[in-house]
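Since the structure comes first, as structure tokens, the remarks are kept for the end.
What follows is calculated from the coordinates using simple rules that are stated; it is not laboratory data. In this text the structure is predicted, and so the values were computed from the model without any measurement. Backbone-built Cβ (ideal geometry, glycine too); neighbour counts: all protein chains shown.
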Amino acid sequence: MKNKTSRQYFCTGSHFLCLVYPLMKNKRLFLQIAAVAVAIAAVSLISHYLFFRLDLTSDKRYTISSATKGLMKSLDEPVQINVYLDGDLNAGFLRLKHSCTDYLDEFKVYAGKNIQYQLIDPAKAAEGKDQDAYYASLEKRGMRATMVYEKDADGKAVRKIICPWAEIISHKDTLLVNLLTNMQGHSGEENLNASVENLEYQLTDAIRILNVKENRKVAFLEGNGELPEPEVYDATTALSRYFQVDRGALGNDPKALDPYKVVIIAKPATAFSENEKFIIDQYIMNGGRVLWLIDGSKIDNDFLSRTGQATIAPLDVNLSDMLFGYGVRINPDIVQDVQCASMPINVSRPGEEPQFKPMPWVFQPLLLTSPYNATTRNLASVKANFASSIDFVGVDTLVKKQALLATSNASHVLAPPAMVDLKQMPDPRDHDYFRFQNIPVGGLLEGTFTSAFANRMVPEGINKSASIARKSKYTRMIIVANGDIIRNEVHGTGDNMQLLPLGFDSYTNRQYGNRDFIVNAVLYLSGDDSWLELRSRVVPLRLLNNVATTEGRTTWQIINLVTPLVLLALFAAVFFFLRRRKYS
């Protein structure tokens, strides 16, 4: 029905026509709405196929590396991640938990359903059970809890049990990841910040290990008095997560080392033959990587323990000319350092019952790790034993040189011939004696090297048809003037043999960074630096003033509660004032 003075439309069909028809009468409005609808549809369609994210933080904390993105996209089977970091956490561990879930959410964006994770609160999981037995079961599986002591709002000391671990399951295998980085001498806030910086590396490292497809090999050389297998057992076990680890002597085959990504020479005691040097040199010329752990001096530890005295003598294993040509010299000396491990010394008088007391053992320095290389960044101190110093030599611009391990700012160099006498140990407070600073003990060389046999004949015994490569491909080597940094302690023999973890000090029950250094060094040499670079992520440490936040807690709570309400009331008042003014 239609009136003469006005038009009325009765919709007996679709309401859509009732809405669209007036718009069609206003052609301009109709085109504008249609354009907006088409734009929204186009954006939705494009976003389905194209994905991008914007990280507006200054430190790019929500941006994962291209290597991580590639790893997530390459996953062909689901990875389940159980994070045992939930429940009543303080601000530091809460930040660690949120950072972990942020990374896992980012992983899911690229891996889709192949990344699944859940948060587990150990305290809630232990409800109705024997709590101590539950935490003991976690520790038996390798997840050791951390005790945290802090003050509540009333100032009372409260003990909390935190389990900062992640359990990663893939291909029916399981790896545990310790989310908490614990570096000696750092505060709790600094350790938690380092933990956040290392999260992407720690998580992707475990996922990568569980999904590795390439069989890569590394080798420990034998035949020149190198450390036996039991004394490098912990390093071998740690490296076996990434590589097939072999051992063997060189022989006369010039291609014997070709299948290996990295060769480890761990504390040789006897001289290398020219044949062995030739094989190692040509391995390097063809792009091979070597981890040199060579002592510059030798000392009879058994004689020292029996008599309290021992002579320091230079150690020559016939590698000096090769290393010098590559750009480094291992000096025949011993470094002493005020920053050192302790050693039990018998302080009783002759004829009295022995009484041992921990004393600073300056011959066992705790080496500082360089923050400028992914191999050593965020690494705990590395414990050495009768270490020597190194010098970088030569002016070859094709070789980059960098110190990785060094002494502290209170050191001394003891050059042979010299005597170690337990009764005449230097006083750590003697600044005139410990006047040297940051003496390099370990370093990295990378670039193009000149062969030690560039102007020489092929040694007798090597196949004469073997050609000599006089210039290397781009390659790397790490040199440390101490073989004991890879040696784990061995107690007992036979069935009673007990092997201690690498870097563990049985006298003080402290764990140093030796194992991590060895693993990182081999990974870096093998070309995994794109993953190790994740360790170079820096997240600025922004701490609240704990005293101010505790004392002004009530004030800040009131401000946070009242301020939004006041702003809302103010907005409403202005809105109604303007509305009333407009329509009055």
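Taking only Cα atoms, what is the 0 to 90° angle, nearest 10, from helix 91-111's long axis to the longest principal axis of the chain?
80 degrees
Using alpha carbon centroids, what distance separates region 212-290 and region 315-342, in Å?
Their Cα centres are 20 Å away from one another.
Of all the stretches in the chain, which is the longest one without any exposed loop site, taking GluC sites (Glu not before Pro) in a DSSP loop (any state but H, G, I, E, B) with at most 11 other Cβ atoms within 10 Å? All intermediate terms of the calculation are to be shown ahead of the outcome.
Values: sites that count: Glu127, Glu214, Glu352, Glu460.
Here the longest segment lacking exposed loop sites spans 215-351.
Rg to Rh ratio, region 255-318, alpha-carbon atoms and Kirkwood radius?
1.14
Work out how much length Ile40 to Gln244 would gain on full extension: take 0.36 nm times their residue separation and subtract the Cα-Cα distance, in nm to one decimal.
Difference between extended and current length: 68.0 nm.
For the Cα atoms of the chain, what angle does the longest principal axis make with the long axis of helix 131-140, in degrees from 0 to 90, nearest 10?
Compared with the principal axis, the helix lies near 60 degrees.
In square nanometres, what is the average projected area of the Cα convex hull of region 423-541?
Result: 16.1 nm².
Over the Cα atoms of region 358-432, compute the convex hull volume and normalise it per residue, giving Å³.
It comes to 142 Å³ per residue, whole-number rounded.
Sort Tyr372, Tyr117 so the one with the fewest other Cβ atoms within 10 Å of its own Cβ comes first.
Ordered from fewest to most neighbouring Cβ atoms within 10 Å, Tyr372, Tyr117 come out as Tyr372, Tyr117.
Using a 7 Å offset from Cα along Cα-Cβ at Asp253, what residues in region 281-298 end up with backbone N under 17 Å from the label point?
In region 281-298, the label zone of Asp253 (backbone N under 17 Å from the point 7 Å along Cα→Cβ) covers 281-284.
Give me the Kirkwood hydrodynamic radius of the chain in Å, from all C-alpha pairs, to one decimal place?
For the chain, the Kirkwood estimate is 29.0 Å.
So what's region 66-210 giving for Cα Rg divided by 2.2 N^0.38 Å, two decimals?
1.10
Once you have the Kirkwood Rh of region 217-525 from its Cα pairs, apply Stokes-Einstein at 37 °C and 0.692 mPa s and quote D in µm²/s.
Working: Rh = 20.3 Å.
Calculated translational D: 162 µm²/s.
To the nearest 0.05, what FRET efficiency results for Ile558 and Arg208 with a Förster distance of 51 Å applied to their C-beta separation?
According to the calculation, E is roughly 0.55.
From the phi of every residue in region 403-420, what ³J(HN,Hα) in whole Hz does the Karplus formula 6.51 cos²θ - 1.76 cosθ + 1.60 yield, where θ is phi - 60° and glycine or proline is x?
6, 10, 10, 8, 6, 7, 8, 9, 10, 8, 10, 9, 9, x, x, 8, 10, 9
So what's the angle, to the nearest 10 degrees on a 0 to 90 scale, between helix 188-210 and the longest Cα principal axis of the chain?
Roughly 90 degrees, rounded to the nearest 10.
Which pairs, out of Lys298/Lys400; Lys69/Lys213; Lys97/Lys124; Lys217/Lys400; Lys277/Lys298, put more than 19 Å between their alpha-carbon atoms?
Numbers: Lys298/Lys400 29 Å; Lys69/Lys213 17 Å; Lys97/Lys124 16 Å; Lys217/Lys400 26 Å; Lys277/Lys298 21 Å.
Pairs exceeding 19 Å: Lys298/Lys400; Lys217/Lys400; Lys277/Lys298.
Per residue of region 317-328, what does 6.51 cos²θ - 1.76 cosθ + 1.60 with θ = phi - 60° give for ³J(HN,Hα)? Whole Hz please, x for Gly and Pro, Karplus curve as stated.
Per residue, the Karplus-derived 3J(HN,Hα) values read 10, 6, 10, 4, 5, 5, 5, 4, x, 6, x, 9 Hz.
Please order Arg95, Arg487, Arg579 by the number of other Cβ within 10 Å, starting at the fewest.
Details: Arg95 17, Arg487 23, Arg579 10.
Listing Arg95, Arg487, Arg579 from fewest to most nearby Cβ atoms yields Arg579, Arg95, Arg487.
At 0.36 nm per residue, and after removing the present C-alpha to C-alpha distance, how many nm does the segment from Phe577 to Asn438 gain when stretched out fully? Walk me through the intermediate numbers first.
Details: separation 139, 0.36 × 139 = 50.04 nm, distance 7.13 nm.
The Phe577-Asn438 span can extend by a further 42.9 nm.
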